[in-house]
Amino acid sequence: MSDYDPTDFVDTDFQAHKTPPSTTTATLSTGAAQRAPTREEVESRVVEAQQKLADLKRAQEELERERASLEETRRRRIEFETGRQELIHSLTRGLGLLEDAEFNARRDAEQMAKALTDLRGALGKIQVINEDAWTKDNFSVELTRGLTAIENARMEWNSARLKFPMLSGETSAVGGSGCAAGVPEPSLFAHRGFLGLCKLGLALTWPVALVLLVSLGAVLAVLFRR
């Protein structure tokens with residue numbers, strides 16, 4: 001029995017001319033990759049690139065507008081916060097100053113209104129004195145009453161002059177006397193001896209003494225008449 005040879009049934013000519021499918025596909029792909037692009041492909045890529053550039057430009061412009069809007073919003077926000085803080089400080093300080101000024105002005109106005117009422121009353125009491133109505137019998141009493149009204153009016157006047165320097169012709173500004181502001185005036189009793197103080201006391205109290213003397217004279221006149 002002879003040995004079996006499998007090659008006896010294989011057609012070697014057919015196997016030599018047969019090409020594997022995978023090798024053919026790879027060859028076609030490599031040829032397509034190495035092929036130069038056509039004009040249509042180049043123009044298509046140019047158009048695609050221009051479209052991408054246009055899209056990027058529009059996106060950049062949109063971002064620029066958004067950035068400008070945010071910058072404006074930030075500027076207005078800073079302006080708002082700065083202005084609010086500044087006005088809160090200024091208005092609070094202004095209200096405090098005006099409230100103090102209003103309180104002082106109201107107090108001065110009340111004092112001035114009271115002084116006006118007192119001065120009008122004192123003036124009215126003096127003006128109603130009618131010397132023509134005095135008689136021999138009521139002369140002493142009416143004279144005493146008149147002197148008392150004058151003395152009360154003088155006290156009201158001096159009190160008003162102390163409260164309101166304008167009544168004495170004084171101003172807040174320093175005149176040409178050369179006196180420095182804030183320097184106190186010399187005291188009325190400074191550098192006065194005993195005799196000078198006595199004269200000053202007599203000058204200040206002579207209205208009261210005159211009233212007392214007139215009253216005493218009237219009483220004595222009534223007594224001697226009886």
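Checking GLY169 against (1) surrounded by 11 or more Cβ atoms within 10 Å (Cβ to Cβ); (2) at pLDDT below 90, which test does it fail?
(1)
Does SER140 meet the test of being touching a helix residue (DSSP H, G or I) at 6+ places or on another chain (Cβ under 8 Å), farther than 27 Å from LYS114 by Cβ and modelled with pLDDT under 90? It would help to see each step written out before you state the result.
Details: touching a helix residue (DSSP H, G or I) at 6+ places or on another chain (Cβ under 8 Å): yes; farther than 27 Å from LYS114 by Cβ: yes; modelled with pLDDT under 90: yes.
Taking the combined requirement at face value, the residue satisfies it.
Could you give every pair whose Cβ atoms fall below 7 Å, whose first residue belongs to the stretch 52-69 and is small (Gly, Ala, Ser), and whose second residue is surrounded by 10 or more Cβ atoms within 10 Å (Cβ to Cβ), counting only separations of at least 6 or pairs across chains?
none
Is it the case that the stretch 41-50 has a residue that's basic (Lys, Arg) and over 58 Å from the mean Cα position of the chain (by Cα)? Walk me through it before giving the result.
Going through the stretch 41-50, the residues basic (Lys, Arg) turn out to be 45.
So of that shortlist, the ones also over 58 Å from the mean Cα position of the chain (by Cα) come out as 45.
Within the stretch 41-50 (the criterion being basic (Lys, Arg) and over 58 Å from the mean Cα position of the chain (by Cα)), the answer is yes, since at least one residue qualifies.
Working carefully through the options GLU110, GLU48, GLU86, GLU61, find the one that is under 30 Å from ALA160 (Cβ atoms) and assigned to a helix (DSSP H, G or I).
Working: GLU48 fails: under 30 Å from ALA160 (Cβ atoms); GLU86 fails: under 30 Å from ALA160 (Cβ atoms); GLU61 fails: under 30 Å from ALA160 (Cβ atoms).
Result of the check over GLU110, GLU48, GLU86, GLU61: GLU110.
Residue under question is ALA49, and the condition is that it be modelled with pLDDT under 55 and surrounded by 10 or more Cβ atoms within 10 Å (Cβ to Cβ); does it hold? Give the derivation first.
Numbers: modelled with pLDDT under 55: no; surrounded by 10 or more Cβ atoms within 10 Å (Cβ to Cβ): yes.
For ALA49, the condition - modelled with pLDDT under 55 and surrounded by 10 or more Cβ atoms within 10 Å (Cβ to Cβ) - is not met.
From the list LEU197, LEU188, LEU210, LEU204, pick out the single residue that is at pLDDT 65 or above and among the aliphatic types (A, V, I, L, M).
Working: LEU197 fails: at pLDDT 65 or above; LEU188 fails: at pLDDT 65 or above; LEU204 fails: at pLDDT 65 or above.
So the residue among LEU197, LEU188, LEU210, LEU204 that is at pLDDT 65 or above and among the aliphatic types (A, V, I, L, M) is LEU210.
The values are calculated or read from the model by the stated rules, or taken from the named source; none is laboratory data. Being a predicted model, the structure only gives us computed values, none of them experimental. Note that each Cβ is placed from the backbone with ideal geometry, even for glycine, and that neighbours are counted across all protein chains shown.
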